[in-house]
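Before any comments, here is the structure.
The values are calculated or read from the model by the stated rules, or taken from the named source; none is laboratory data. What you see is a predicted model; the values in this text were computed from it and never measured. For neighbour counting, all protein chains shown are included, and Cβ atoms are generated from backbone atoms with ideal geometry for every residue, glycine included.
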Amino acid sequence: MLRNWLTFYLQCWRPYRYRQAPAGLSDFIIPTFNAAFFVRLITLIIVSYIVFGIFLIPAYIKGGSMEPTYKRIGVNFCWRMRYLLHDPQRKDIVIIYYADKVLLLKRVVAFEGETVEFRNGDLYINGIRIEEPYVKYACDWNLPPRKVKKDHIYVVGDNRSMPIEQHKFGQVAKDRIYGAPLW
Amino acid sequence: MVNKVSISLFIKPLLLLLAVAAGAAVWYVYFNKTDKEMIKEQLYQFRSDASKYAGEGMTQSVLKCKALEKLFDKICQVNINFDMFSGSFSPDEISSKAMFCRNHCNSAAIDFHKIKITVEGDNAEADFTASLDGTSKDGKRFNEYRELVVSLKKIEGKWLIYKIDIHPILEK
């Protein structure tokens, strides 16, 4: 029984040229709505749902907080498995779950227990200045030192040309890390 | 003949058994709710009563604010980075503050996402993301997200809110 089903399923995926019916371009564009077609369609739906609903979440980038690393408008995928086995490293780009259907693309700069500070646009972690080659635009931010809470990470965008009040950044719970961008 | 008689003998008790089983299933689904389900229901009730949808009249507003009172303990501690709404309040005061907020906006839809509930005896904590989406009286649109930690305790079989911590998702 199972073997018959498997044979039938595999036959559904045979290329057109091996099938009995002559195949042409019209057969490809307007497929025959037979059992094989529906088996392929259902398989495609299930696989797409698993891949794009669980592992690779399509994301539309809107906003320039990560410029110039990521353009103001773009498309990417969130790779959910990126931090399954390990925590993000400093300077990694992570995707944060902000709210339903709202994700934030940010860079990790500090971890729990560390002190974060901005002095004239430069980032200081535990009082030591951090080199940030990815920050291309001029920045004049000043932020007094603050300690990152337990089970939190500190994230900032690469584009710090706007006033500090207008930029969404700060410490966020680690369990809000949703994944990493695919590219 | 024998077979017919024996079948008819079994049918009635079988039907009775099925009816009892169906009744038990209905009772289990509707009345035997777990604490987590009850808390979720309370939160959804809170969401529904606190939201103001476009076109809601004054009477409905008053009724919803009054219904809010039933969800809170005698004193509820609210911690938010906004003096006017921070402090310890009675259900009555919470209701009047909700009314005050309602009067300042045309619509304000509250929604909760990713609710995590932990229950320890008669105490529980619900951790979730709340979104507030609406328009103010002067036509300005707002769309805010906050992280909420709601503490509840079970009093006479009902989960009542006694503490609400509201803080931004990203804390500078």
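Structure notes:
- Candidate set: region A:48-82, residues that are polar (S, T, N, Q) and not in a loop (DSSP other than H, G, I, E, B); chosen: the one farthest from A:Lys168 (Cα to Cα): A:Ser48
- Taking the criterion of being within 9 Å of chain B (Cβ to nearest Cβ), outside any loop (DSSP other than H, G, I, E, B) and crowded, with 20+ Cβ neighbours inside 10 Å, the residues of region A:130-169 that qualify are A:His152, A:Val155.
- The residues of region A:170-183 that are more than 7 Å from chain B (Cβ to nearest Cβ) and either touching a helix residue (DSSP H, G or I) at 6+ places or on another chain (Cβ under 8 Å) or over 15 Å from A:His86 (Cα atoms) (or both), listed by number, are A:Ala173, A:Pro181, A:Leu182, A:Trp183.
- A search for C-beta distances below 7 Å between a residue of region B:156-172 that is more than 13 Å from chain A (Cβ to nearest Cβ) and surrounded by 15 or more Cβ atoms within 10 Å (Cβ to Cβ) and any residue that is of a type in the set (Phe, Trp, Tyr) and assigned to a strand (DSSP E or B), counting only pairs 6+ apart in sequence or on different chains, returns B:Leu160/B:Phe72; B:Ile161/B:Phe72.
- Every pair of residues 6+ apart whose Cβ atoms lie under 9 Å, when the first sits in region A:163-183 and is in the same structural domain as A:Leu143 (by TED's automatic domain parsing) and touching a residue at least 40 places away in the same chain (Cβ under 8 Å) while the second is outside any strand (DSSP E or B) and among the polar types (S, T, N, Q): A:Ile164/A:Asn142; A:His167/A:Ser65; A:His167/A:Asn159; A:Lys168/A:Ser65; A:Phe169/A:Ser65
- Residue in region A:74-82 that is loosely packed, with under 13 Cβ neighbours inside 10 Å and more than 15 Å from A:Leu103 (Cα to Cα) present: yes
- Selected residue (criterion: farthest from B:Phe142 (Cα to Cα)) from residues of region B:39-60 that are over 8 Å from the mean Cα position of the chain (by Cα) and outside any loop (DSSP other than H, G, I, E, B): B:Thr59
- Matching residues, region A:113-124, being more than 13 Å from chain B (Cβ to nearest Cβ) and either under 26 Å from the mean Cα position of the chain (by Cα) or over 30 Å from A:Gly74 (Cβ atoms) (or both): A:Gly113, A:Glu114, A:Thr115, A:Arg119, A:Asn120, A:Leu123, A:Tyr124
- Among the residues of region B:131-155, the ones that are touching a helix residue (DSSP H, G or I) at 6+ places or on another chain (Cβ under 9 Å) and touching a residue at least 60 places away in the same chain (Cβ under 8 Å) come to 3 in all.
- Region B:130-150, subset within 14 Å of the chain's Cα centre (by Cα) and crowded, with 17+ Cβ neighbours inside 10 Å, residue farthest from A:Ala99 (Cα to Cα): B:Val150
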